[in-house]
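The values are calculated or read from the model by the stated rules, or taken from the named source; none is laboratory data. Being a predicted model, the structure only gives us computed values, none of them experimental. Cβ placement follows ideal geometry from the backbone for every residue including glycine, while neighbour counts extend to all protein chains displayed. Just so you know, the surface numbers come from the protein's heavy atoms only, side chains and all, with ligands and any DNA or RNA stripped out. Shrake-Rupley method; radii C 1.70, N 1.55, O 1.52, S 1.80 Å.
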Amino acid sequence: MNVRRCEGAKVQNRFLIGTMTAAVACGVLLALTSVMAQAPAYRAPRTPDGKPNLNGIWQAMNTANWNIEPHPAAPSPVRELGAAGAVPAGLGVVEGGEIPYLPEARKKQQENYANRLKLDPEIKCYLPGVPRATYQGFPFQIIQGTKHIMLVHEFAGAVRTVYMTDQTEAPADSWMGWSNGRWEGETLVVDTKGFNDLSWFDRAGNFHSEALHVVERFTPRSAETLNYEVTIEDPKVFSRPWKMSMPLYKRVERNAQILEFRCVEFAEDLLYGHLRKQPAK
Amino acid sequence: MRLRSRSFLRGTTVALALTLGATISLAGQAQAPAKPATAKAAPASAAAGKAYKAPRTPDGQPDLQGFWTNSTYVPLERPNGVTKEIYTPDEAEAAIKAAALREAEQTEPGTTADVHYDFSQFGLDRSQSTFAKNLRTSLIVDPPDGKIPPVTAEGQKRAQERAAARKAAGGQYDAVENMPIGSRCIIMGGAGPPLQNAGYNANYQIVQGAGYVMILTEMIHDVRIIPVDGRPQPPSQVRQWVGLSRGRWEGETLVVETTNFNGKNAFRGASENLKVTERFTRTADDTISYRFTVEDPATWARPWTAEAPMAKTDGPIFEFACHESNYGIANILAGARADEKKAAEQKKGSN
């Protein structure tokens with residue numbers, strides 16, 4: 001059901017029921033089309049075992065890693081990088097615009113932001129956490145196995161196992177959490193708990209506690225895009241659950257592949273340089 | 001739930017987050033065979049394994065998925081004085097016991113080095129976990145003498161140059177970049193290719209998706225995504241610590257060829273032009289035959305091949321956040337600086 005078919009209907013109906021009736025019918029069709037755009041009826045190709053096929057290399061194309069809330073363009077946090085390191089403006093990915101922080105938590109986020117060069121785990125090449133890994137700007141690959149779906153990220157080689165069958169509670173806290181998954185129609189729903197309180201959501205210091213509970217919904221919306229919707233729950237930091245959403249884009253280059261970004265060595269001098277042996281005086 | 005922390009301090013340099021480097025075995029989580037109907041009469045040996053046909057993935061590939069370990073007491077090279085290729089089961093048992101004892105007593109009682117936890121007490125020695133049983137006296141099967149072939153003159157020269165470069169960079173504790181890459185949580189032995197027995201946490205998870213086989217190495221959560229869709233190798237300018245792998249199926253066997261190494265984690269002194277060919281064949285429900293051949297004419301006079309079976313093990317594999325909790329590096333460097341300061345003060349005092 002699309003505009004072109006609507007035009008076709010108009011032509012066919014011109015002499016039968018008159019242009020006006022056809023126009024009304026078309027109006028209904030177009031209205032229906034716009035509703036469907038919000039809840040796409042796209043049916044993804046299937047894997048051989050009949051599941052929606054999400055295999056592929058995906059990447060977000062937005063400024064969420066700078067700040068998941070709406071933000072204007074801003075200078076680079078590192079003077080030497082000038083315009084190359086400056087922050088592009090973004091409309092944000094948080095539904096409703098603002099994260100519903102508890103008052104004290106908003107203060108902590110602001111402190112995080114003020115001290116971001118010292119505190120942001122990304123700068124130290126630490127595992128990015130969830131959902132930051134998804135929109136950090138690097139590609140990630142979904143490998144859909146029989147019992148496990150792997151999410152393999154380029155940044156720091158971060159990896160998540162989504163348990164589709166052999167599900168358990170998180171055995172201990174971790175950076176990337178403990179993920180159990182299920183299919184709801186076209187949607188892969190990933191429920192993740194068992195986080196530590198060390199990862200951030202972005203470079204703006206948006207954060208969570210170890211009580212974080214993340215539910216991600218990956219829904220195919222076309223052959224080369226997914227809708228990615230995340231519900232964040234953390235009663236220690238937020239006054240209510242909240243959502244972020246964004247499309248994810250498939251890397252369609254024939255030779256696309258996840259390459260190595262083994263960033264520890266890029267952060268070592270920053271982390272341990274002050275402990276370097278000084279030349280004898 | 002049983003928590004097995006199997007990490008240890010290698011020399012004085014590795015002080016990792018031990019709880020994070022844990023393999024967690026959850027009672028009742030043993031992997032059921034993917035297709036129980038075909039999971040009968042598993043042959044015990046690789047030789048008999050020719051009759052075995054692996055279960056299939058939904059898209060028809062031999063199914064290698066699950067959790068595996070290549071932990072073993074069999075050394076890469078045949079020990080001096082051993083002439084036979086295959087031990088009897090009794091001889092193998094004795095060799096394992098002797099090796100387990102050596103592993104448990106790595107430090108001398110009463111010395112500073114001995115002041116850390118007991119290996120056997122925390123399940124850090126291999127004998128307490130699953131290990132791949134193997135009657136071979138060496139993992140190397142070719143050359144037949146079980147030894148790495150002689151290093152070429154070029155290979156010897158490179159080894160000398162690398163040693164000289166390390167010496168020129170200063171002491172091991174002068175700066176982080178002089179420290180071993182494993183201690184720095186960049187990459188560890190066993191990550192491969194080739195997959196080597198890491199000493200501890202020698203666990204792997206294999207997941208197959210359309211056109212890809214993924215191998216997760218527990219140590220430092222190293223993931224290798226191997227395309228099996230026939231795509232060409234990337235250009236030689238793109239080099240990685242773990243090289244770049246391309247795979248294909250040859251009947252029951254996954255064949256993986258890897259080149260494009262960056263040479264910074266040289267396997268046994270190899271050059272960056274090393275080529276590793278691995279062959280994974282599921283020979284029983286609980287066994288993958290794993291063979292690798294290394295070719296590097298710049299280092300060895302001839303290619304050589306080793307065989308190191310992988311045994312099914314209980315999952316899951318827990319996150320190995322090594323760098324994130326690497327207090328060891330800062331403590332070791334700070335200790336070295338404190339020692340220097342103390343020495344300088346003593347020198348001043350004695351003047």
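Considering every residue within segment B:179-190, establish whether at least one is open to solvent by 10 Å² or more (accessible area, probe 1.4 Å) and modelled with pLDDT of 95 or more.
Within segment B:179-190 (the criterion being open to solvent by 10 Å² or more (accessible area, probe 1.4 Å) and modelled with pLDDT of 95 or more), the answer is yes, since at least one residue qualifies.
Rundown of residues vs (1) open to solvent by less than 40 Å² (accessible area, probe 1.4 Å); (2) over 26 Å from A:Asp120 (Cα atoms); (3) among the acidic types (Asp, Glu); (4) within 14 Å of another protein chain (Cβ to nearest Cβ), yes/no style:
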{"residue": "A:Ser179", "(1), (2), (3), (4)": "yes, no, no, yes"}
{"residue": "A:Trp200", "(1), (2), (3), (4)": "yes, no, no, yes"}
{"residue": "A:Gly205", "(1), (2), (3), (4)": "yes, no, no, no"}
{"residue": "A:His208", "(1), (2), (3), (4)": "yes, no, no, no"}
{"residue": "A:Arg217", "(1), (2), (3), (4)": "no, yes, no, no"}
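Restrict the check to segment B:191-200 and report whether at least one residue is in contact with a helix residue (DSSP H, G or I) (Cβ under 8 Å, 6 or more places away or on another chain), within 14 Å of chain A (Cβ to nearest Cβ) and farther than 26 Å from B:Leu244 by Cα. No.
Within segment B:201-215, the set of residues being facing chain A (nearest Cβ under 7 Å) and either free of Cβ contacts under 8 Å to residues at least 60 places away in the same chain or over 14 Å from A:Val152 (Cα atoms) (or both) comprises B:Gly209, B:Ala210, B:Tyr212, B:Met214. Filtering segment B:268-291 to residues that are of a type outside the set (A, V, I, L, M), buried (at least 20 other Cβ atoms within 10 Å of the Cβ) and more than 20 Å from B:Asn203 (Cβ to Cβ) leaves nothing. Per the conditions (1) open to solvent by 10 Å² or more (accessible area, probe 1.4 Å); (2) in contact with a His (Cβ under 9 Å, 6 or more places away or on another chain); (3) within 9 Å of another protein chain (Cβ to nearest Cβ), the sole criterion not satisfied by A:Ala172 is (2). Restricted to segment B:226-244, and to residues there that are open to solvent by 10 Å² or more (accessible area, probe 1.4 Å) and within 17 Å of the chain's Cα centre (by Cα), the residue that is nearest to B:Pro193 (Cα to Cα) is B:Val242. Candidates in segment B:295-351 are the residues that are among the acidic types (Asp, Glu), buried (at least 20 other Cβ atoms within 10 Å of the Cβ) and outside any helix (DSSP H, G or I); of these, the one that is nearest to the other protein chains (Cβ to nearest Cβ) is B:Glu319.
Scan segment B:169-178 for residues that are of a type outside the set (Ser, Thr, Tyr) and either surrounded by fewer than 16 Cβ atoms within 10 Å (Cβ to Cβ) or more than 7 Å from chain A (Cβ to nearest Cβ) (or both) and the total you get is 6. Residues considered: A:Glu265, A:Glu229. Of these, the only one that is outside any loop (DSSP other than H, G, I, E, B), open to solvent by 40 Å² or more (accessible area, probe 1.4 Å) and out of contact with any helix residue (DSSP H, G or I) (no Cβ under 9 Å at 6 or more places or on another chain) is A:Glu229.
Taking only pairs six or more apart or across chains, which ones have beta-carbon atoms under 8 Å, a first residue in segment A:244-265 that is under 30 Å from B:Gly182 (Cβ atoms), and a second residue that is part of a helix (DSSP H, G or I)? Filtered contacts from segment A:244-265: A:Val264/B:His323; A:Glu265/B:Glu177.
Return a yes/no flag: does segment A:252-264 have any residue that is closer than 30 Å to B:Ile187 by Cβ, of a type in the set (Phe, Trp, Tyr) and assigned by TED's automatic domain parsing to the domain that holds A:Gln136. Yes; the residues of segment A:252-264 include at least one that is closer than 30 Å to B:Ile187 by Cβ, of a type in the set (Phe, Trp, Tyr) and assigned by TED's automatic domain parsing to the domain that holds A:Gln136. In segment A:183-199, which residues are among the aromatic types (Phe, Trp, Tyr) and either assigned to a loop (DSSP other than H, G, I, E, B) or under 26 Å from A:Ser209 (Cβ atoms) (or both)? The one that is among the aromatic types (Phe, Trp, Tyr) and either assigned to a loop (DSSP other than H, G, I, E, B) or under 26 Å from A:Ser209 (Cβ atoms) (or both): A:Phe195.
For B:Glu218, work out the one condition from (1) free of Cβ contacts under 8 Å to residues at least 24 places away in the same chain; (2) within 14 Å of chain A (Cβ to nearest Cβ); (3) charged (D, E, K, R) it doesn't fulfil. Status for B:Glu218: all satisfied but (1).
Out of B:Thr23, B:Thr19, I need the residue that is under 26 Å from B:Gly199 (Cβ atoms), modelled with pLDDT under 90 and open to solvent by 50 Å² or more (accessible area, probe 1.4 Å). Which one? One residue alone meets the criteria, B:Thr19. Checking each residue in segment A:78-128 for being within 18 Å of A:Leu270 (Cβ to Cβ), outside any loop (DSSP other than H, G, I, E, B) and among the hydrophobic types (A, V, I, L, M, F, W, C) picks out A:Leu81, A:Leu117, A:Leu119.
Give segment B:217-243 a look and list any residue that's assigned to a loop (DSSP other than H, G, I, E, B) and either of a type outside the set (D, E, K, R) or in contact with a Cys (Cβ under 8 Å, 6 or more places away or on another chain) (or both), or say none.
Matches in segment B:217-243: B:Val228, B:Gly230, B:Pro232, B:Gln233, B:Pro234, B:Pro235, B:Ser236, B:Gln237, B:Val238, B:Trp241, B:Val242, B:Gly243.
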